[in-house]
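Nothing in this text is a laboratory measurement; each read-out follows from the coordinates by a stated rule. No experiment lies behind these values; they were computed from the predicted model shown. Positions of Cβ are generated from backbone atoms using ideal geometry, with glycine treated the same way; all protein chains shown enter the neighbour counts.
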Amino acid sequence: MNFTGQVAVVTGGATGIGRAIVLKLADKGAAVMIADINEEAAEVTAAEVAEISGSSSAFTTDVTNVAACEGLAQATIDSVGPADFLINNAGIAGSPGWQTRSHSTEDDWKLTYHVNVIGMSNVTSAFQQQMIKRRSGRIVNLASVAGREGRPSLSHYSASKAAVISLTQSTALELARFNITVNAICPGLLWTPMWEQVGDRYAHDVPAYEGMTPRQVFDTMIAEKIPMQKEQTPEDVADAVAFFVSDDAKNITGQALNVDGGFYMR
Ligand SMILES: NC(=O)c1ccc[n+]([C@@H]2O[C@H](COP(=O)([O-])OP(=O)(O)OC[C@H]3O[C@@H](n4cnc5c(N)ncnc54)[C@H](O)[C@@H]3O)[C@@H](O)[C@H]2O)c1
């Protein structure tokens, strides 16, 4: 795999899974634009990229803000060139304080849908003209196995990720005639800042996990739910992203790939 001369944009690329995707694509030669609401962390990740490959840029972006997404698309052209790959990874699991509540509030529903689904659509809309013009592009959306089936205590998040799988199929149909592929990845259980919050919520709200630390909840779920009996890593997800944007996947679109150690098999 060699992405030299190609440009990748990764939303939520400052931390967690997004950071691993940024480092993987940069390691394979791509110039990377890191788009994240967390400016400080994005600069740190951009500095790490500079050590690997040189070409990177960071742009402070809130994916819920249409003007900011359009600014990001222009800043990408200006700094690293038109985008070949768009990785829609930015996501949240609830509104502030959600992890210590015992039910989903209207704000949890609204903000989670706004970032995870509408935000994804905002960024895709901002970049698709660059791709259509060149009759080429790869878009990868981060969904979740939580979008495949319901989750106790996380209905708002699960529903948003089911919507991501559906959005991926619709966008794939819309852009197929322009030689643009659109696929989703459904990660299983990864120990990232987001999952630490999920563990906190389960310890508050799911009787089986009551009183556990977030890490104990996580380890218990790995033992109970993952046939391969190991956690997934941000690097596992980054490997799947690299496959979807590579030439090997040129005829694959509208798919959702589980990277989950066998968690979900239907
Ligand atoms: N961790 C898991 O187990 C897991 C499992 C399945 C799916 N996912 C999905 O993978 C993606 C990455 O998750 P993660 O675990 O690395 O989370 P994370 O919280 O570690 O990272 C998310 C990144 O998105 C950024 N972000 C949040 N809101 C934003 C906004 N409005 N605009 C721009 N950037 C924003 C954050 O600043 C952060 O850098 C998410 O879409 C998440 O739903 C995670």
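Only one residue of Gln99, Thr112, Ala50 has its Cα farthest out toward the positive end of the dipole of the stretch 30-138, where Lys and Arg carry +1 and Asp and Glu -1 on Cβ, and that residue is Thr112. As a rough footprinting exposure proxy, the listed residues His114, His156 were ranked by other beta carbons within 10 Å of their own, and the order from fewest upward is His114, His156.
Debye calculation, C-alpha points only, no solvent: report log10 I(q)/I(0) for the chain at q = 0.08, 0.16 Å⁻¹, in the same order as the q values. Debye curve over Cα of the chain, log10 I(q)/I(0) at q = 0.08, 0.16 Å⁻¹: -0.29, -1.20. Taking Cα centre as origin and charging only the Cβ of basic (Lys, Arg, +1) and acidic (Asp, Glu, -1) residues, the dipole magnitude of the chain rounds to 900 debye.
FRET efficiency for the pair Ile77 and Ser170, taken as 1/(1 + (r/R0)^6) with r the Cβ-Cβ distance and R0 = 22 Å, rounds to 0.30. Only helices enter this figure: runs of n ≥ 4 DSSP H residues, each worth -39500 (n - 2.57), summed and divided by the residues of the chain, yield -14500 deg cm²/dmol at 222 nm to the nearest 500. Placing pseudo-labels 7 Å out from each Cα toward the beta carbon at Lys230 and Arg177 gives an inter-label distance of 4.6 nm. Evaluating 6.51 cos²θ - 1.76 cosθ + 1.60 at θ = phi - 60° for every residue in the stretch 54-66, the Karplus couplings come out as x, 8, 7, 8, 10, 9, 6, 9, 9, 5, 7, 9, 4 Hz, glycine and proline recorded as x. In the chain, excluding the sites themselves, the longest stretch lacking any of the GluC sites (Glu not before Pro) that are in a DSSP loop with at most 15 other Cβ atoms within 10 Å is 1-148.
The residue list Ser166, Ala14, Val145 was ranked by how far each Cα lies along the charge dipole of the chain toward its positive end, using unit charges on Cβ atoms, and Ser166 comes out on top.
Given +1 at the Cβ of Lys and Arg, -1 at the Cβ of Asp and Glu and no other charges, the dipole of the stretch 122-171 around its Cα centre is 280 debye to the nearest 20. For Asn258, nonlocal amide neighbours, meaning residues 5 or more places apart or on other chains whose placed amide H falls under 5 Å from its own, are Cys186. Please identify the trypsin sites (Lys or Arg not before Pro) of the stretch 128-191 that satisfy two criteria: DSSP loop assignment and at most 16 other Cβ atoms within 10 Å. Which are they? Filter output for the stretch 128-191: Arg135. Close amide H pairs (under 5 Å, H built 1.01 Å from N) link Val182 with Ile139, Gly254, residues at least 5 positions away or on another chain. Residue by residue, the stretch 101-113 carries 3J(HN,Hα) couplings of 8, 10, 8, 7, 8, 4, 5, 4, 4, 5, 5, 5, 5 Hz when phi is fed to the Karplus relation 6.51 cos²θ - 1.76 cosθ + 1.60 (θ = phi - 60°); x denotes Gly or Pro.
Annotation for Ser136 and Ser246: the two label points, set 7 Å from Cα along the Cα-Cβ direction, are 1.8 nm apart. The stretch 34-74 and the stretch 206-221 have their alpha-carbon centroids 34 Å apart. Amide H to amide H distances under 5 Å link Val206 with no residue, where only residues 5 or more positions off or on other chains count and H is placed in the peptide plane. Projected label points at Glu43 and Ser102, each 7 Å from Cα along the beta carbon direction, are separated by 4.3 nanometres.
For the stretch 182-191, putting each phi into the Karplus relation 6.51 cos²θ - 1.76 cosθ + 1.60 with θ = phi - 60° gives couplings of 9, 9, 10, 10, 10, x, x, 10, 10, 7 Hz, in residue order, rounded to whole numbers and with x for Gly and Pro.
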